[in-house]
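Okay, structure first, notes after.
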Amino acid sequence: MKASDLFVQALENEGVDRIFAVPGEENLDVVESLRRSSIELVLTRHEQTAAFMAATHGRLTGKPGVCMATLGPGALNLVTGAAYAHLGAMPMILITGQKPIKTARQARFQIVDIVATMKPLTKASRQIISGVSIPTVVREAFRLAQDERPGPVHLELPEDVAGEEVSDELTVIPLHPVELPVAQFAAIERAAAMLKSAERPLVMFGAASNRPRLVGQLTDFIRRTGIPFFNTQMGKGTVSAIGNDEATQLWMGTAALSERDYLHEAIDRADVILSIGHDTVEKPPFIMGPKGPKVIHVGYTSANVEQVFFPNAEVVGDLGMSLTRLADLVEGQLPNAGTLASLREGILKRTMDRATESRFPLTPQRIVHDVRQVMPADGIVALDNGMYKIWFARCYRTRNANTLLLDNALATMGAGLPSAMMASILHPKRRVMAVCGDGGFMMNSQELETAVRMKLNLVVLIIQDDAYGMIRWKQAVDDFADWGLNFGNPDFVKYAEAYGAKGRRVESADGLVPTLEAAFEEGGVQLVVVPVDYSENSRVLVDELKNRVKEVSQ
């Protein structure tokens, strides 16, 4: 058999059911082997989308998604997706082709050293130089991609290696379960003692706590300890609803800013913060200082010590088991557990201020409020990157795990639509919505064709301000002239129709909810355009919070 057949068998052995790809001639042996396999080849319109979709597969399932591109320009188009998965800790396998390595009939045409290019963006980058090595190389790649901290692994399969004949007796490597190590009991005891002596404890859930395998365990920890909690942007949705409240009576909010937000009233008063799964690739949720609270880091790996984050104690090991054992030691022994909970109502009320205001174009708060109205508890919202991401992070209340997908690590534009497409593939019976700014949407808007071709049920909400809104806001905050960041847009309704999707435009303040409901009811790929009034960016995120700081200091 060909080495490419063995390669595809190794992928099947790992449970791969789809590969997202824009193939080239150097991949054709692999494409032919895929044709005869159980693996679906999902053709995208840009390699970047293939990588975003594979990364989101890893994020939602915990198992590596797989994408493929050819050499040179195709492989380079995977780079942003590799960085997206690397910073976001999403398991993924990137496969690229290459010219033959045993001959050089085309000299250096299209040849770029992709293995070297990918090394700083992946957990490992390796060229396969022999068909005999394929079973072990593929097994090691998948193992490494899933190990904590998860991330992308790159494999380059040259054209002549893929086409060479290998023995039919070569077999794939059998899989076996690998249990995560458990934290030392002494470390758990130390953390328990700090919590028991705390007068104002607070829990923070970070990006690494948002793993599919942890669903339920983190909720149980909060229920058993009764400590109020907040989350980082990528830690949203780690705790499911408790009791009758849609989010829990202990949720204090999301740290969408690093300081001065209403949530920081609780953070600044805490004397001990139990930081669960914080990954410092995220924008800091708070700034540690010499007079700040003591911080206990609970993570799969040791904390990264940074200028703004330097824990006083660490519990390193499997998060689920560590927290279960910690809860065993402190349950019923935390008399001050709920001290900060009294701040919750005031924090959330001010954060959600003007969420139902009827001005048009809509405020960001109203858009978040209305999206929440039409999304069920298990509905998935995938955000692109823009100013609206801060508003969704602050104001969108998640009820189930992994139902708000946002990127606060690489924070790249262009990922929202591909992420939502992947979510729709994995969960075809759930409501899925991509929320994109007009700038980010146009970076991968061609994938509407892919979504229509795949017959996905998907609503794409475009928030239109005809500018790169976040940078324009920063420009104003820093007292620069309003210049250089505005652009024109196509007629988005006609644009959607050109791809075979349905386009709709919101024309009034009360029009968003019924328009979204109609889109979901009709099904298929639906594009909804809503204009936004971003004057709230300065009113709330600059002036109002600045005044709050003055009030606190007086």
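Values for this structure:
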quantity: Out of 27, 77, sole residue that is at negative phi and in contact (Cβ under 8 Å) with a residue 60 or more places away in the chain; calculated: 27
quantity: Any hit, segment 369-376, residues being over 23 Å from residue 451 (Cβ atoms) and modelled with pLDDT under 95; calculated: no
quantity: Residue, farthest from residue 381 (Cα to Cα), within segment 198-214, restricted to residues that are part of a strand (DSSP E or B) and aliphatic (A, V, I, L, M); calculated: 202
quantity: Residue 56 of a type outside the set (D, E, K, R), farther than 16 Å from residue 118 by Cα and surrounded by fewer than 24 Cβ atoms within 10 Å (Cβ to Cβ); calculated: no
quantity: Residue among 261, 271, 245, 279 that alone is within 14 Å of residue 202 (Cβ to Cβ) and either in contact with a strand residue (DSSP E or B) (Cβ under 9 Å, 6 or more places away or on another chain) or at pLDDT 95 or above (or both); calculated: 271
quantity: Options 400, 408; residue that is in a loop (DSSP other than H, G, I, E, B) and surrounded by 21 or more Cβ atoms within 10 Å (Cβ to Cβ); calculated: 408
quantity: Hits in segment 253-281 (condition: of a type in the set (Gly, Ala, Ser) and assigned to a strand (DSSP E or B)); calculated: 253, 255, 275
quantity: Residue tally, condition without any contact (Cβ under 8 Å) to a residue 24 or more places away in the chain and either part of a loop (DSSP other than H, G, I, E, B) or not assigned by TED's automatic domain parsing to the domain that holds residue 417 (or both), over segment 508-536; calculated: 1
quantity: Number of positions in segment 451-472 that are farther than 15 Å from residue 382 by Cβ and surrounded by 18 or more Cβ atoms within 10 Å (Cβ to Cβ); calculated: 7
quantity: Residue check, residue 58 under 28 Å from the mean Cα position of the chain (by Cα), of a type outside the set (A, V, I, L, M) and under 21 Å from residue 137 (Cα atoms); calculated: yes
quantity: Single match in 327, 341, 382 (criterion: in contact with a Lys or Arg (Cβ under 7 Å, 6 or more places away or on another chain) and either closer than 30 Å to residue 459 by Cβ or not in a loop (DSSP other than H, G, I, E, B) (or both)); calculated: 327
quantity: Entirely in segment 438-507, the helices (runs of 4 or more DSSP H) that have 3 or more residues that are in contact with a Lys or Arg (Cβ under 9 Å, 6 or more places away or on another chain) and not assigned by TED's automatic domain parsing to the domain that holds residue 533; calculated: none
quantity: Candidate set: segment 215-235, residues that are within 16 Å of the chain's Cα centre (by Cα) and in a helix (DSSP H, G or I); chosen: the one nearest to residue 188 (Cα to Cα); calculated: 235
quantity: Any pair with Cβ under 6 angstrom, 6 or more apart, that starts in segment 438-458 at a residue that is over 10 Å from residue 418 (Cα atoms) and ends at one that is of a type in the set (D, E, K, R) and crowded, with 24+ Cβ neighbours inside 10 Å; calculated: 440/384
quantity: Given (1) over 22 Å from residue 417 (Cβ atoms); (2) at pLDDT 95 or above, number of the condition residue 69 does not satisfy; calculated: (1)
quantity: Conditions (1) more than 15 Å from residue 71 (Cα to Cα); (2) surrounded by 24 or more Cβ atoms within 10 Å (Cβ to Cβ): number failed by residue 48; calculated: (1)
quantity: Tally of residues being farther than 10 Å from residue 509 by Cα and in a helix (DSSP H, G or I) across segment 353-369; calculated: 4
quantity: Residues that are in a loop (DSSP other than H, G, I, E, B) and surrounded by fewer than 24 Cβ atoms within 10 Å (Cβ to Cβ), drawn from segment 411-429; calculated: 411, 412, 413, 427, 428, 429
quantity: Conditions (1) of a type in the set (Val, Ile, Thr); (2) farther than 22 Å from residue 218 by Cβ; (3) modelled with pLDDT of 95 or more; number of the one not met by residue 356; calculated: (3)
quantity: Residue that is within 19 Å of residue 237 (Cβ to Cβ), crowded, with 21+ Cβ neighbours inside 10 Å and either more than 21 Å from the chain's Cα centre (by Cα) or not assigned by TED's automatic domain parsing to the domain that holds residue 433 (or both), where the choices are 348, 319, 340, 326; calculated: 319
quantity: Test: residue in segment 200-222 that is surrounded by fewer than 17 Cβ atoms within 10 Å (Cβ to Cβ), touching a strand residue (DSSP E or B) at 6+ places or on another chain (Cβ under 7 Å) and farther than 30 Å from residue 390 by Cβ; calculated: no
quantity: Pair list, Cβ < 9 Å and 6+ apart or interchain, from segment 471-490 residues that are under 21 Å from residue 544 (Cα atoms) to residues that are among the aromatic types (Phe, Trp, Tyr) and in a loop (DSSP other than H, G, I, E, B); calculated: 472/534; 473/534; 474/480; 475/483
quantity: Qualifying helices (runs of 4 or more DSSP H) (wholly inside segment 18-132; at least 2 residues being of a type in the set (D, E, K, R) and farther than 25 Å from residue 163 by Cα); calculated: none
quantity: Residue within segment 50-61 that is under 23 Å from residue 7 (Cα atoms) and of a type in the set (Lys, Arg) present; calculated: no
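The values are calculated or read from the model by the stated rules, or taken from the named source; none is laboratory data. Quick caveat, the model's predicted, so the values are computed rather than measured. Positions of Cβ are generated from backbone atoms using ideal geometry, with glycine treated the same way; all protein chains shown enter the neighbour counts.
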